[in-house]
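None of the figures in this text is laboratory data; all of them are computed from the coordinates on show. Note that this is a predicted model, so its numbers are computed, not measured. Cβ coordinates were reconstructed from backbone atoms using ideal geometry, including for glycine residues, and neighbour counts include every protein chain displayed.
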Amino acid sequence: MSLLKQLNLTNLPSHIAIIMDGNGRWAKKKGLLRNLGHQSGAKTVREIVEVCAEINVKFLTLYAFSTENWNRPKLEVDLLMKLLISSLKKELNTLQKNNIKLATIGNIDSLPAKVSAELKDVVEKTKNNSRLTLTLALSYSSREELIKTIKEISLKVKNNLISPGNIDESVINNHLYTRSLPDVDLLIRTSGEQRISNFLLWQIAYAELYFTETLWPDFNKENLFEAILNYQNRERRFGKTSEQLK
Ligand code: FPP
């Protein structure tokens, strides 16, 4: 029986972020080239996006390429970029049909021109969709995002547009790539690694963290339901006591 029946659909995480890890190990285990792991990972992306839209998760953010990933062999990076373009071309219709908005975070202009052009096109075409916001983190580094934010705010202080005393959480939030997203409720990392790897450091301040041994290409909707069930069984206290929450 599907775990879907056990979910409390009135207490879903509004924003799920996923560190999709393990494509390379999945391929290696099967004696395949790493790239086939990424291709299979792209199929998982499709399934997870679809199911999030179906159950009404409003925000899904996927770590697709970190700034550190530029250090991988050129062939792997090139094939990942190609996979991104072909997935975007293939999925535009599905995004439109399912009312899904595509957004990006990261240094999009550092991507190959073809990739950034394709991304900008899909972002523009889906910008009025409202069922689910799918955000791809590409050439993303959380520390870089924070440095960029600090520089922008400093400049505004220098130009007397903000006074230092007025800098608060909302000022910072409004300068991050994620300015139009709520905080992350549930962060999932696949493949058994238990690290954050420079992903949404500010935005996960109160997120529930969920680590699973499952490799990303093997992750499926039942695994997602399992993660959400686990989340629903936790008590999110936001610094308060259990008694205060009752
Ligand atoms: C991590 O596995 C995965 C990546 C660096 C790339 C993620 C890309 C995809 C899932 C495919 C395309 C994405 C979209 C949005 C269509 P790894 O290579 O680090 O695995 P390993 O740790 O086992 O080597």
All strands (runs of 3 or more DSSP E) inside region 1-120 with 3 or more residues being within 13 Å of the ligand (Cβ to nearest atom) and within 25 Å of Ala205 (Cα to Cα): 59-66, 100-105
Search result, residues across region 128-149 that are under 15 Å from Thr178 (Cα atoms) and either over 15 Å from the mean Cα position of the chain (by Cα) or β-branched (Val, Ile, Thr) (or both): Thr133, Thr135, Arg143, Glu144, Leu146, Ile147, Lys148, Thr149
First in region 150-168 and within 18 Å of Arg179 (Cβ to Cβ) and free of Cβ contacts under 8 Å to residues at least 60 places away in the same chain, second anywhere and hydrophobic (A, V, I, L, M, F, W, C) and not in a helix (DSSP H, G or I), Cβ under 6 Å, 6 or more apart: Lys156/Ile162
Residue that is nearest to Thr44 (Cα to Cα), among those in region 164-206 that are away from the ligand (no atom under 16 Å from the Cβ) and β-branched (Val, Ile, Thr): Val184
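May I ask you to list the residues in region 158-176 that are among the small types (Gly, Ala, Ser) and within 22 Å of Ile105 (Cβ to Cβ)? Step through it out loud before you land on a result.
Taking region 158-176 as the starting set, the residues that turn out to be among the small types (Gly, Ala, Ser) are 163, 165, 170.
Matches in region 158-176: Ser170 only.
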Any hit, region 161-179, residues being surrounded by 15 or more Cβ atoms within 10 Å (Cβ to Cβ), under 20 Å from the mean Cα position of the chain (by Cα) and part of a helix (DSSP H, G or I): yes
Residues of region 180-220 that turn out to be of a type in the set (Ser, Thr, Tyr), part of a loop (DSSP other than H, G, I, E, B) and more than 23 Å from Gln39 (Cα to Cα), as a count: 2
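Matching residues to (1) in contact (Cβ under 8 Å) with a residue 40 or more places away in the chain; (2) surrounded by fewer than 16 Cβ atoms within 10 Å (Cβ to Cβ); (3) of a type in the set (Lys, Arg):
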position: Arg34; (1), (2), (3): yes, no, yes
position: Gln39; (1), (2), (3): yes, no, no
position: Ala64; (1), (2), (3): yes, no, no
position: Trp70; (1), (2), (3): yes, yes, no
